[in-house]
Amino acid sequence: MIRLQQVAKVYSLGKVLVRALDGVTLTIGQGEFVALVGPSGCGKTTLLNLMAGIDRPTSGEVWFEGERLDSLSDDRLTRLRRTKVGIVYQLFNLLPTLTARENVALPLLLDGLQGSEIEGRVARGLQRVGLTHRAEHWPHELSGGEQQRVAIARAIVAGPRVILADEPTGNLDSVAGEAILDLLEELHRDQGQTIILATHSQEAVRRAGRIVHLRDGKIEGLEGP
Ligand code: ADP
Ligand code: MG
């Protein structure tokens, strides 16, 4: 479902070139649970951003369900991000001026859905993450684990083909972090959701079907089928 072919990403900082990714070739199938691991700065976030169409490679090809992302227009990429990809961040990235319910509704509003359709989907999303009772709360009234649950509801509300999660437990204590991993694992197991997770957590790695080890922008090794 996602295929990267000889992908490189080079950032220029003044005169210095940073090779964030350097010749990455990787195929991820529908329904996989993949962990991206490696030291800070090895290119995990860059790789997720390319898969999400948030960023474009300097060279190489990025394919998502048969479409070549690196040559899609910005409009097409934005639409793909809204409908086919759910993204979860380390710092939750909820909008502080919207309630939990409104945060979850946002991608549907942006996608032009109508009121009753939005309401139903948001209610199901919040229920899926066990936060129906927190729907009208502001983000600052929620614990970190609850905020991340809202972010996961927001990520799944449009029915994406894949969830990309960038160190989703990195800012949580171990109990809250495990609950988030349980939730991602359930989405994977019960709904066949494809999940790609950048992580430092051994607990997260243990749950993945396949582990991709990155170092200095290169794939250093693969574990699993
Ligand atoms: P990770 O998520 O594994 O910590 P990143 O993908 O964030 O790694 O970063 C990979 C490398 O690219 C790092 O050396 C980082 O400093 C660099 N980098 C990432 N984003 C940018 C950017 N926007 N501008 C310049 N360098 C960047
Ligand atoms: Mg990162």
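The values are calculated or read from the model by the stated rules, or taken from the named source; none is laboratory data. All figures in this text were calculated on a predicted structure; none of them were measured in a lab. Neighbour counts run over all protein chains shown; Cβ positions are idealised from the backbone, glycine included. Remember, those area values only see protein heavy atoms, side chains included, never the ligands or the DNA or RNA. Shrake-Rupley method; radii C 1.70, N 1.55, O 1.52, S 1.80 Å.
Restricting the first member to the stretch 40-59 and to residues that are modelled with pLDDT of 95 or more, and the second to residues that are within 9 Å of ligand 2 (Cβ to nearest atom) and of a type in the set (A, V, I, L, M), the beta-carbon pairs closer than 9 Å and six or more apart or on different chains are 44/198; 45/198; 47/198; 48/198. For residues that are of a type in the set (A, V, I, L, M) and away from ligand 1 (no atom under 13 Å from the Cβ), scanning just the stretch 28-66, find the one that is nearest to residue 184 (Cα to Cα). Only one residue tops the list, namely 34. Return the residues of the stretch 199-225 that are more than 17 Å from the chain's Cα centre (by Cα) and among the polar types (S, T, N, Q); say none if nothing qualifies. Once the filter is applied, which keeps residues that are more than 17 Å from the chain's Cα centre (by Cα) and among the polar types (S, T, N, Q), the stretch 199-225 yields only 202. Looking only at residues in the stretch 1-27 that are touching a helix residue (DSSP H, G or I) at 6+ places or on another chain (Cβ under 9 Å) and either within 13 Å of ligand 1 (Cβ to nearest atom) or acidic (Asp, Glu) (or both), the one that is farthest from residue 223 (Cα to Cα) is 11.
Would you mind telling me which numbered condition in (1) modelled with pLDDT of 95 or more; (2) part of a helix (DSSP H, G or I); (3) under 18 Å from the mean Cα position of the chain (by Cα) residue 140 fails? With respect to (1) modelled with pLDDT of 95 or more; (2) part of a helix (DSSP H, G or I); (3) under 18 Å from the mean Cα position of the chain (by Cα), residue 140 is out only on (3). Among strands (runs of 3 or more DSSP E) entirely within the stretch 1-67, having at least 1 residues that are away from ligand 2 (no atom under 16 Å from the Cβ), open to solvent by 20 Å² or more (accessible area, probe 1.4 Å) and closer than 29 Å to residue 159 by Cβ singles out 2-13, 16-28, 59-64.
Among the residues of the stretch 130-151, those that are hydrophobic (A, V, I, L, M, F, W, C) and closer than 17 Å to residue 171 by Cβ comprise 142, 150, 151. Being in a helix (DSSP H, G or I) and touching a residue at least 40 places away in the same chain (Cβ under 8 Å) holds for only one residue in 93, 103, and it is 103.
Being open to solvent by 70 Å² or more (accessible area, probe 1.4 Å) and modelled with pLDDT of 95 or more is true of residue 101. Put simply, of 185, 223 the only residue that is more than 15 Å from ligand 1 (Cβ to nearest atom), within 22 Å of residue 126 (Cβ to Cβ) and surrounded by fewer than 20 Cβ atoms within 10 Å (Cβ to Cβ) is 185. So is residue 152 in contact (Cβ under 8 Å) with a residue 24 or more places away in the chain, more than 16 Å from ligand 1 (Cβ to nearest atom), closer than 22 Å to residue 81 by Cα and in a strand (DSSP E or B) or not? Criteria not met by residue 152. Candidates 165, 158, 198, 204: the one that is aliphatic (A, V, I, L, M) and more than 16 Å from ligand 2 (Cβ to nearest atom) is 158. All told, residue 170 meets the bar of being surrounded by fewer than 21 Cβ atoms within 10 Å (Cβ to Cβ), in a loop (DSSP other than H, G, I, E, B) and within 16 Å of ligand 1 (Cβ to nearest atom).
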